[in-house]
1. Find the relative contact order for the range 25-98 and round it to a whole percent, using C-alpha pairs within less than 8 Å whose residues are 6+ positions apart.
2. Treating the angle as unsigned and between 0 and 90°, give the value, to the nearest 10°, between the Cα long axis of helix 22-40 and the longest Cα principal axis of the chain.
3. Given contacts defined as C-alpha pairs under 8 Å and at least six residues apart, what's the relative contact order of the chain, whole-number percent?
4. List the GluC sites (Glu not before Pro) within the range 130-212 that fall in a DSSP loop (any state other than H, G, I, E or B) and whose Cβ has at most 13 other Cβ atoms within 10 Å.
5. Find how many whole Å separate the alpha carbon centroid of the range 167-212 from the alpha carbon centroid of the range 45-102.
6. At 0.36 nm per residue, minus the direct Cα-Cα distance, what do ASP24 and GLU113 gain on full extension? Give it in nm, one decimal, please.
7. Once the Cα atoms of helix 145-159 and of the chain are each reduced to a long axis, what angle between those two axes, in degrees from 0 to 90 to the nearest 10, is obtained?
8. How high is the relative contact order of the range 123-208, in percent, counting Cα pairs under 8 Å that sit 6 or more residues apart?
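The values are calculated or read from the model by the stated rules, or taken from the named source; none is laboratory data. Keep in mind that what you see is a predicted model, and the values were worked out from it rather than measured. Neighbour counts run over all protein chains shown; Cβ positions are idealised from the backbone, glycine included. These accessible areas exclude ligands, DNA and RNA; they are computed on the full protein's heavy atoms, side chains included. Shrake-Rupley method; radii C 1.70, N 1.55, O 1.52, S 1.80 Å.
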Amino acid sequence: MKRKSSHTAPDKTIGRPVGSKREDTIARILDSALACFTSHGYASTKFKDIAVGANITSAAIYQYFDSKPALYIAVVDHIYQDIYPRFKQAIESSTRLKERIRNLVEAMVSLHEQSPLKSGFLSSIPLETQRHETLKEIFSHRENEMRALQARIFEDAIKNGEINPEWKVDNLVMMFFGSMSGMANYQLSVEGTSLRQAADIYLSMMESHLLR
């Protein structure tokens, strides 16, 4: 029997605790999936593990998400809904690259301090998409508003003459966001380290050598 798609699933109560709402169940699934994907990686995460954290049966997950890739992308979108407004506000609060970079770093450090799982998950996306063709294919056909927002700060900076115009925007995005993601991952795995202090050092280096 073909399983229902997450977009067309009927509003049934099978597999859900009595009295819970569809939205509450989806939220529990997403929270559990976030923890599993971050802790175990995409390949090792099973629906049965996610079901335990969400307090439902494995079969019940298919009422909302028809596959593991669909659930992974749903977690990505769920996190983006939270962080996109933060990043957008950080960028729109100034027109100068120096202030924008500082505001973005503060937003990223705050996210990491408030929700290390989200930070760790986001940092793992590039590696997971390279390891798994299914994810790579899905991401290649998706509009990426977050990527456009990241590129915008450097496109504007080049137009304003704030940085070397010979530097490619893609490489600038990789340098900045790749560095922040790497530091966040390192902090999660090494006790006694501080992402906030490392970010301050990083900003000092950038302002000394990158910005005009």
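1. 31 percent.
2. The two axes meet at around 60 degrees.
3. Over the chain, the number comes to 19 percent.
4. Working: sites: GLU133, GLU137, GLU143, GLU145, GLU155, GLU162, GLU166, GLU191, GLU207; in loops: GLU143, GLU162, GLU166, GLU191.
Within the range 130-212, the qualifying GluC sites (Glu not before Pro) (loop, at most 13 other Cβ atoms within 10 Å) are GLU143, GLU166, GLU191.
5. If we compute the Cα centre of each part, the gap is 22 Å.
6. Values: separation 89, 0.36 × 89 = 32.04 nm, distance 2.48 nm.
Stretched out fully, the ASP24 to GLU113 stretch lengthens by 29.6 nm.
7. 10
8. Details: 28 pairs, mean separation 18.8, N = 86.
Result for the range 123-208 is 22 percent.
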